[in-house]
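**Student:** The structure follows.
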Amino acid sequence: MSSWHRLAVRAAELPGVRVLGRPLYRHYFRRPYLGGNAYYGMYQSYAEALAATPATMSNSYDVDAAATMYRAQFERVRACDYPAIHWLSRLMRDRIRDVFDLGGHMGQAYYGFRQYVDYPPDIRWRVHDVPAVMQAGRRWADEHDQLGGLRFAHDPAEADGSDLLITTGALQYLDYSLPELLRGLVRAPARIIVNLVPMHPQQGYFTLQNLGIAVCPYRVMCLPEFVADMADLGYSLADRWELEERHIRIPFEPKASIDAYHGMYFNRPD
């Protein structure tokens, strides 16, 4: 959203204007030219948020355009990636070989992190994402994966038996939570890296995010509840970091705003 548009939205939130401003913003939000990262509404469940998505755009990330959104970042590491790279590098030295990348797009972390992490020749890195993105990822890997370690997993349950589960900027788009996934596995990964996830200090909720190519339900987790759920599954929080360069502001919902995204490293006995 441009600076001009942000100023217009804030003006619409002023007392005496917001009664008219909210429906005008919602009308604007339903359009595909926003350029992404615009938000609307607060909902109690994924289903409720999905029902509120506009008919004017796709309500799923599973579209062909999604495969090209992050192509420029394949060989570029962002500042928010470095904590995850730190833990991945340490774990590789501890003989981690089987990595499950939940919501890993076309292998963005696999390609980008290898500049800083020494992958072993027998690495097995499996990505699960929406079908359109994984199909494009397989084609890309045929020409660009010189190491030959990248694979794509049809079902998130294929994380069962992995050494490590890593997820970067993906949990917010899923219709299930990470603890829900882990509870359904026979042998859940003993080590988990979570990065670039929106979390609120007091409440969990869903909103809608306009990605430019789609309007999708977007989960904001309650931070203490998430940590407690992981602890109930036997995971210890070994590290946590805040990513202040990412934040959320939802027009007309001041209590929903968050000032930073979060990352964490969990482990438990094998």
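The values are calculated or read from the model by the stated rules, or taken from the named source; none is laboratory data. Computed from a predicted model, the values in this text were never measured in an experiment. All Cβ positions, even for glycine, are placed from backbone atoms using ideal geometry, and neighbour counts span all protein chains on display.
**Student:** Looking at the range 238-270 only, could you name the residues that are at negative phi, assigned to a loop (DSSP other than H, G, I, E, B) and in contact (Cβ under 8 Å) with a residue 40 or more places away in the chain? Step through it out loud before you land on a result.
**Tutor:** Step one: filter the range 238-270 for residues at negative phi, giving 238-251, 253-270.
Checking which are assigned to a loop (DSSP other than H, G, I, E, B) leaves us with 244-247, 249-251, 253, 257, 259-260, 268-270.
Hits for the range 238-270 are Glu245, Arg246, Arg249, Ile250, Pro251, Glu253, Arg268, Pro269, Asp270.
**Student:** In the range 171-229, what residues are among the β-branched types (Val, Ile, Thr) and farther than 30 Å from Phe29 by Cα?
**Tutor:** Passing the criteria: Val186, Ile192, Ile193, Val227.
**Student:** Given the conditions (1) closer than 21 Å to Ile258 by Cβ; (2) in a helix (DSSP H, G or I); (3) modelled with pLDDT of 70 or more; (4) not charged (D, E, K, R), which single one is not true for Tyr39?
**Tutor:** (2)
**Student:** Across the range 70-93, what is the number of residues that are modelled with pLDDT of 90 or more and out of contact with any Asp or Glu (no Cβ under 9 Å at 6 or more places or on another chain)?
**Tutor:** Qualifying residue count, the range 70-93: 6.
**Student:** Follow-up. Only one residue in Pro201, Pro156 is under 17 Å from the mean Cα position of the chain (by Cα) and modelled with pLDDT of 95 or more. Which one?
**Tutor:** That would be Pro156, the only listed residue that is under 17 Å from the mean Cα position of the chain (by Cα) and modelled with pLDDT of 95 or more.
Quick grid of which residues meet (1) surrounded by fewer than 17 Cβ atoms within 10 Å (Cβ to Cβ); (2) farther than 20 Å from Ala170 by Cα; (3) of a type in the set (Lys, Arg); (4) in contact with a Phe, Trp or Tyr (Cβ under 7 Å, 6 or more places away or on another chain):
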site	(1), (2), (3), (4)
Asp229	no, no, no, no
Gly234	yes, yes, no, no
Asp239	yes, no, no, yes
His247	yes, no, no, no
Ile250	no, no, no, yes
Ala256	no, no, no, yes
Met264	no, no, no, no
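**Student:** Continuing with this model, one more query. Checking Gln172 against (1) closer than 21 Å to Asp94 by Cα; (2) crowded, with 21+ Cβ neighbours inside 10 Å, which single condition isn't satisfied?
**Tutor:** Of the numbered conditions (1) closer than 21 Å to Asp94 by Cα; (2) crowded, with 21+ Cβ neighbours inside 10 Å, the odd one out for Gln172 is (1).
**Student:** Shifting gears a bit: So, in the range 109-134, exactly how many residues are in a helix (DSSP H, G or I) and touching an Asp or Glu at 6+ places or on another chain (Cβ under 9 Å)?
**Tutor:** Number satisfying all stated conditions: 8.
For every residue, the table says whether it meets (1) crowded, with 21+ Cβ neighbours inside 10 Å; (2) modelled with pLDDT of 95 or more.
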| site | (1), (2) |
| --- | --- |
| Met106 | yes, no |
| Gln115 | no, no |
| Asp118 | no, no |
| Pro121 | no, no |
| Val127 | yes, yes |
| Gln135 | no, no |
| Glu143 | no, no |
| Gln146 | no, no |
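**Student:** Does Ala67 satisfy the criteria of being within 27 Å of Met106 (Cβ to Cβ), at pLDDT 90 or above and surrounded by 14 or more Cβ atoms within 10 Å (Cβ to Cβ)?
**Tutor:** Spelling it out, it is not the case that Ala67 is within 27 Å of Met106 (Cβ to Cβ), at pLDDT 90 or above and surrounded by 14 or more Cβ atoms within 10 Å (Cβ to Cβ).
**Student:** Go through (1) buried (at least 16 other Cβ atoms within 10 Å of the Cβ); (2) at pLDDT 95 or above; (3) over 18 Å from Glu48 (Cα atoms) and name the single condition Met221 misses.
**Tutor:** (3)
**Student:** Next up: Can you tell me how many residues within the range 135-160 are touching a Leu at 6+ places or on another chain (Cβ under 9 Å), closer than 24 Å to Pro83 by Cα and not in a helix (DSSP H, G or I)?
**Tutor:** Going through the range 135-160 one residue at a time, the tally reaches 0.
**Student:** Here's a follow-up. Among the residues of the range 194-237, which ones are assigned to a strand (DSSP E or B), farther than 18 Å from Ala260 by Cα and in contact with a Lys or Arg (Cβ under 9 Å, 6 or more places away or on another chain)?
**Tutor:** Passing the criteria: Asn210, Val215, Ser236.
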